[in-house]
Structure formats: C-alpha cells, structure tokens
Amino acid sequence: MDSKRPSSRSGKGRSNNKPNRSGGNRRPSGGGGQRDRRGSGGGRSNHNYIPLPADMMVHEGVSLKTVEYRAETKFVDWPVNAKLKSAIKAAGWVYPTEIQEKSFEHIAALKDVMGIATTGTGKTGAFLIPLIDALLESEQPFQTLVLAPTRELALQIEDEFRALTIGMKYNAITLIGGRNINTDIVNLKKRSYHLVVATPGRLKDLYQQGKIDLQEASVLVLDEFDRMLDMGFQKDVMFLTDKMGDRDQTMLFSATLDKSQQKLIDHFLTDYVTIKVSSGEASAEHINQTVKFVEPDNKFDALIELLQQPEMKRVLVFAETKHRVKKVTKKLNQAGISADEIHGNKSQNYRQKALNAFKAGKITALCATDVAARGLDIDDITHVVNFEAPTDYDTYIHRVGRTGRAGKGGEAITFYDK
C-alpha cells in the first residue's frame with residue numbers, strides 16, 4: 001500500500017456541479033418512517049407455500065483454505081491518522097480483511113465504489129476506516145449517510161463507528177423503526193452528526209415530516225444493497241437518494257450481483273470502481289448443508305432432540321412466520337432448552353436484549369423470521385436450523401450464511417416434510 005495519503009481533504013462549499021473526485025475534496029456538513037415494510041419478519045403471503053427442492057439444500061462444505069485471505073499489510077502500516085490507528089488497535093484489529101485492503105485507496109481517493117462482499121467479511125470497517133480518516137484530516141467536517149435494510153445492521157454500524165472513533169469528538173445517530181420517532185426528532189435537533197445510519201422507512205418518514213435535511217450528507221453508503229431490494233425498499237431508496245442531490249461519493253455494498261440490478265447501480269454510482277472479493281453469486285460453499293426429512297407432526301420433537309445434542313451450542317432457528325417462531329421458542333423453553341425470539345412483533349428493545357443474550361451465550365437458540373437472516377454480527381454460530389424450508393434460494397443462502405462467518409466452517413440443517 002502506498003505510504004502517501006491518497007488525497008487532500010479540505011471541506012468545500014456545496015456546489016451545483018458534480019464534485020471533482022480527483023481532487024479528493026469533500027463538502028462540509030451542516031446540522032442535523034414509515035414502518036419498515038419487511039425485515040420485521042411477517043407472515044406468509046397469500047400464495048401457496050412451496051419450499052425449495054430438498055436437493056438444493058444439501059452440500060458438503062469445501063476446505064477452509066479456499067476462503068482464506070492473507071493481507072499484504074497491517075493496519076499499523078496504513079497511511080491513516082495516528083488517532084485512528086490507536087482506535088483500530090484498541091478494537092483488536094491487526095490485519096485488514098480483503099475488502100478492507102482492496103477498497104481503502106479507492107475510497108480514500110473519493111472514487112465511487114461497488115463492493116461485492118458477503119456479510120462477515122469486514123465491509124463495515126472497509127468504508128468506516130477511510131471515512132473516519134477523512135474526518136480527522138479534513139479542514140471542515142462532512143456528513144455520511146448509511147442506509148441499511150435492517151434495524152440490527154444499522155445499530156451494528158453505529159457501534160463500529162463509535163469503537164473506531166473512541167476518544168474523538170464525532171457524533172453518530174441511528175434512525176430505525178421500532179423506536180419512538182419523537183426521540184429521533186429531539187435528537188436530530190440537538191447537534192450536527194458526522195454519521196447518520198438509517199433504515200429507509202424511518203428516514204423517509206422523518207424527511208417527509210421535515211425533520212431532517214438530506215442535503216446535509218455529502219457521502220452515501222448503501223449497505224446490503226441486494227437485501228434492500230429483496231425487502232422491497234427500492235422506491236424508498238431511490239426517493240431518499242434523489243433528495244440528497246449532488247454527492248461527493250457513493251458506495252454500494254452487496255453480497256450478490258444480478259444483471260437486472262445494473263440500471264439501478266448506474267443510477268447511484270458514477271465512474272465507479274468494482275471491488276469483488278466474492279463471486280457475486282449467492283453461495284455458501286464452505287458450510288456443510290444437510291436436509292432432515294421429518295413427519296410434519298413430529299417436527300417439534302425432532303427439533304428438541306436435535307438441539308439436545310452437545311455440539312448444538314449456539315443455534316439460529318428460522319421459521320417462515322412470526323406465529324411459528326413464537327411457537328417454536330415456547331416449545332424449546334418448555335423442553336428445557338434456553339431460547340428467545342426476534343421478529344416484527346417484538347420491540348426493538350426486546351430484540352436487542354435477545355440478541356445480546358444470544359451473543360453472550362446465555363441462551364442456546366435464537367428463533368427468528370428472516371429479519372435476522374442478514375447483517376447480524378454474531379460470531380461462532382455453530383448451527384443454523386431451518387425449521388421450515390424457505391421458498392427461494394436467495395433467502396436460503398442469507399439464512400445459512402449466519403454460520404460460517406468470515407470463512408469459518410459451519411453447519412446448516414433444514415427440516416423437510418416427509
């Protein structure tokens with residue numbers, strides 16, 4: 001990596017023209033939902049439930065050597081501010097991941113970036129590190145807006161920002177559904193924010209109430225872009241980004257890349273660099289995947305028997321509906337298996353407490369609708385169990401990808417009706 005800082009970063013006033021990216025100048029920031037339509041779980045739609053063919057959910061995991069990445073640099077050698085290096089060290093990071101190492105210079109040089117990387121590969125750090133460095137080096141502050149598909153992912157991005165800015169006077173706010181919008185309105189009035197992380201529904205609601213000026217942000221990050229499309233947020237994302245007006249930089253991160261998305265990508269990005277650290281095709285090649293054929297009336301007993309095995313230490317259980325998730329959780333607890341649930345009928349506070357208990361190992365099983373299938377930063381999930389098979393392959397991959405994070409091995413078991 002070049003030891004020279006890629007570009008100067010002095011704040012500039014807002015211009016009516018597209019910013020000169022080669023100059024590396026950022027615009028300064030000023031001060032400063034609808035309910036999330038999916039991602040909160042939700043019941044099945046009116047069409048008949050047709051699960052994926054069983055043979056699509058059977059796979060023997062490949063050797064972990066095929067997914068390892070050896071960084072060419074250490075963070076200590078990166079051309080970033082000393083305060084940021086200290087925060088990175090305090091976070092326990094020594095080597096960058098592939099997406100972090102390959103994207104840094106492009107993001108630092110104010111290029112638009114399309115990053116193809118799966119969850120668990122360090123993509124949040126990939127965009128936060130150069131942006132925080134830019135804040136430290138800029139003469140004037142600027143604001144970054146990050147749109148994320150789920151509440152949990154949004155909170156994790158804010159947490160990572162706070163960890164990487166420890167000891168620095170930078171402000172961040174997360175705007176998500178499931179929390180009192182009046183609290184958001186009060187907090188937005190209090191101060192300027194260097195980082196705004198939001199789910200599309202809540203942000204649109206606040207904008208339409210006139211409580212946030214989207215033109216204050218000069219940098220846009222669209223995280224888990226493919227999942228936002230899956231969850232029906234395309235119109236909201238288009239609306240919000242168009243209201244931002246001219247931007248200095250836009251970054252888009254996606255686990256998968258579909259040709260049908262190209263027109264949308266071209267709408268958001270200008271003269272962009274593509275950084276591909278995964279194939280862009282939905283896969284879980286390093287995860288052992290099996291199907292267990294079960295009589296429908298015996299599914300609960302089969303699940304209890306499975307989770308009583310000693311190797312089932314931290315298990316994420318998926319079901320198709322909120323009602324079924326609730327029932328599965330109740331049955332497990334009655335059988336003496338510690339379990340909790342997250343879905344759209346639970347408050348954000350409840351869901352966060354359940355996630356924290358799961359991360360801390362206080363419960364064995366976390367039962368969820370597809371709200372938990374993307375973006376969750378939970379290490380060492382030993383197993384993913386699909387109590388009900390999903391209806392499409394992308395959802396299946398999103399689910400099983402919660403185990404085997406960052407190239408580690410994992411196990412996925414899908415129950416299939418006999």
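Where a number appears in this text, it was derived from the coordinates with a stated rule and is not lab data. As the structure is a computational prediction, the values presented were derived from the model and not from experiment. Heads up, the Cβs are rebuilt from the backbone with ideal geometry, glycines too, and the neighbour counts pull from every protein chain shown.
From the square roots a ≥ b ≥ c of the eigenvalues of the alpha-carbon gyration tensor of segment 97-184, which class results: rounded (a/c under 1.5), prolate (a/b over b/c), or oblate?
It is oblate, given that a/c is not under 1.5 and a/b is not larger than b/c.
Under 5 Å between amide H atoms, partner at least 5 residues away or on a different chain: which partners does GLY115 have, H built in plane at 1.01 Å?
Hits under the 5 Å cutoff: LEU252, PHE253, SER254, ILE275.
Where Lys and Arg each count +1 and Asp and Glu each count -1, what net charge lies around LEU252 among other residues with Cβ under 9 Å from its Cβ?
-2
For segment 176-262, what does the alpha-carbon gyration tensor say about shape, rounded, prolate or oblate, given a ≥ b ≥ c as the root eigenvalues, a/c under 1.5 as rounded, and a/b over b/c as prolate?
Judged from the Cα gyration tensor, segment 176-262 comes out prolate (a/c at least 1.5, a/b above b/c).
Is the shape of segment 124-163 best called rounded, prolate or oblate, per the rule: a/c under 1.5 gives rounded, else a/b larger than b/c gives prolate, else oblate, with a ≥ b ≥ c the square roots of the Cα gyration tensor eigenvalues?
It comes out prolate by the Cα gyration axes.
Between VAL317 and residues 5 or more places away or on another chain, which pairs have amide H atoms under 5 Å apart, with H built 1.01 Å from N, and which residues are they?
LEU366, CYS367, ALA368, VAL385
Please state the equivalent ellipsoid semi-axes for segment 69-276: what are the square roots of 5 times the Cα gyration tensor eigenvalues, largest first, in whole Å?
25, 21, 15
In whole Hz, what ³J(HN,Hα) sequence does segment 224-236 give by Karplus (6.51, -1.76, 1.60; θ = phi - 60°), x for Gly and Pro?
Using θ = phi - 60°, the values come out as 6, 4, 4, 5, 4, 5, 4, 8, x, 8, 4, 5, 5 Hz.
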